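Report on one structure; see the data block that follows.
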């Protein structure tokens, strides 16, 4: 198996599975067509993530990512939770296979979306991004192709990755895997 | 923990008698090269020809029409590129289907990049090719038809005999990838009307690393691997004698044991289907009747296949999934999409493939684990609504 022990542990015993009734924030990312879909619901108390739960449709990596991100966010201030990135989730999981780094690593996006949803609905305003702050949204990859093996950006859906030389297409009539998803 | 292997489509365990035959050959110091003109070489040649005859007998061919290859993939590459290169002056049009194995689809894509024209006929919702579509696709410059006999993902058995009659009438050579079917269901190359057929030993309890290409006499074809005069100038290289011995034995056993094996596999298939009927929201893939006895493909709605596969593996059940997430390339199976299955449902596709070493009790154990994983993952899925 290609996964680390931490990934396997979170996959076998996922933490915080479920859906919070009347949540303060909801974040949904991905769609079943692209392979993974994740919904995070959370409760906020004193500017902290008081409770957080997830539902995920996806592979072992996607489930482990969901579980890990909820565990990392629980009890943190919203600012701290927003600082959780795909990279820090993957690192906490002891790494993820390269081809899963983007498509299954939706946890941080779902978390950020849920917090944004909270700001929008509970405070009646959209939180402004601080200068220099990097909040990576999956939508930023929209329309761009990436090699599923080495993650190099590709100018067009070429059959062979120009960076690592691995085949990127099975059938030319199918689109290359994109980190993007429909909003 | 006893491991229950339900992934026979990825390779069968060795038949005990095949194992024995290979070990015997090792103990006999079977290192000889069949090309050598001395007694050690002669003994190897005798072994080689004995195995060739057994493979030929399995498919009702002449032994001289069997060329040993390193695997089914090589046989497919040889058939397609060998005929395409040999007949390039006559024409450059090839007909195939859109559910072929990668070892047919990719050589054809390479040829299309080299100036060949490839027409791919589509399949119905069962993954079945319509022979009339093949007939319609034939042109003046068509030099080859390559349609698989049985599909490796959904088990559907294609109407090769009908396509064979069409091909013969139009004088176009027909290749069939029979890797999944050969040794598991009866095959007669004359009845099927094929000119080239790919075979792999590990699909009928022989070793991996050995296969064969059936080439009907007088078929125009160039070698894929060039070099010495082995295999009557059709496949150069010192033969894999241990593989040859194993494949010959496996072919002999497959021919003799096929009726009992089929009976057993059909009993297992019924057990699988009966148990699947008790799980909510399952889609069965492939043709309901014209399908391989040893394989069932099904899609579990609302959840993803790799996660199911991993959970079953934890419980010692080895199965295969067609989920894009487990494919390495992260793309949805082209076979499932060709049958019209939507991407989300295709994500939850599992293949149970079993063999003579599997019992109904094993199937029961697998289903106990499957039910557990389906409940667990559906409970987690945002798509599944309880009740």
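Structural remarks
- CD proxy at 222 nm, helix term only [per DSSP H run n ≥ 4: -39500 (n - 2.57); per residue of chain B; nearest 500]: -13000 deg cm²/dmol
- Mean shadow area of the protein assembly as shown, taken as a quarter of the surface of its Cα convex hull (nm²): 28.6 nm²
- Our summary of shape: the Cα atoms of segment B:324-382 have principal axis extents of 34, 31, 22 Å, ordered from largest down, in whole angstrom.
- Counting DSSP beta bridges with both ends in segment B:1-148, the antiparallel % (nearest 5): 10 percent
- Segment B:1-31 and segment B:341-371 have their alpha-carbon centroids 24 Å apart.
- Rounded tilt (10° steps) of B:241-276 against the dominant C-alpha axis of chain B: 20 degrees
- The base-10 log of I(q)/I(0) for segment B:16-254, evaluated at q = 0.07, 0.15, 0.16, 0.18 Å⁻¹, reads -0.22, -0.96, -1.07, -1.31 [Debye formula, identical scatterers on Cα atoms, solvent excluded].
- Whole-number percent relative contact order across chain B, with pairs defined as alpha carbons under 8 Å at least 6 apart: 22 percent
- Candidates B:302, B:354, B:214: whichever shows maximal mean-square fluctuation once chain B is modelled as a Gaussian network with Cα springs under 10 Å: B:302
- Springs join every pair of Cα atoms under 10 Å in this Gaussian network model of chain B, and among B:260, B:347, B:17 the largest mean-square fluctuation is at B:260.
- With both labels modelled 7 Å from their Cα along Cα-to-Cβ, the residue A:12 to residue A:31 distance reads 3.6 nm.
- For peptide A:58-71, the mean count of partner chain Cβ atoms within 10 Å of a residue's Cβ comes to 4.
- Diffusion coefficient of segment B:56-117 by Stokes-Einstein, Kirkwood radius over Cα pairs, 25 °C, 0.890 mPa s: 190 µm²/s.
- Relative to one another, the C-alpha centroids of segment B:95-116 and segment B:264-322 are positioned 29 Å apart.
- The simple Förster model, with R0 at 45 Å and r as the Cβ-Cβ distance, assigns residue B:31 and residue A:83 a FRET efficiency of 0.10.
- For segment B:16-254, DSSP calls about 40 percent of its internal beta bridges antiparallel.
- Sorted fewest first by neighbouring Cβ atoms within 10 angstrom, B:376, A:11 come out as B:376, A:11.
- B:143, B:95 arranged by Cβ crowding within 10 Å, fewest neighbours leading: B:143, B:95
- GNM remark for chain B: springs join alpha carbons under 10 Å apart, and the peak mean-square fluctuation among B:304, B:140, B:49 falls on B:140.
- Based on C-alpha pairs under 8 angstrom that are at least 6 apart in sequence, segment A:5-87 has a relative contact order of 30 percent.
- Both radii were evaluated on the Cα set of segment B:268-387; the Rg over Rh quotient, with Rh as the Kirkwood radius, amounts to 0.94.
- Separation of alpha-carbon centers, segment A:60-107 and segment B:192-225, rounded to whole Å: 49 Å
- More than 24 Å apart - percent of Cα-Cα pairs taken over segment B:107-213: 25 percent
- Surface/4 of the Cα convex hull for segment B:237-277, nm²: 4.3 nm²
- Cα→Cβ-extended label distance, 7 Å offset, between residue B:57 and residue B:282, nm: 4.0 nm
- Taking the DSSP beta bridges with both ends in the protein assembly as shown, the antiparallel portion is around 70 percent.
- Against the main long axis of the alpha-carbon atoms of chain B, helix B:360-380 sits at an angle near 50°.
Any read-out appearing in this document is the output of simple, stated calculations on the displayed coordinates, not a laboratory observation. It should be emphasised that the depicted structure is a prediction, and the values quoted were computed from it without experimental measurement. Glycine also receives a Cβ, built like all others from the backbone with ideal geometry; neighbour counts cover every protein chain displayed.
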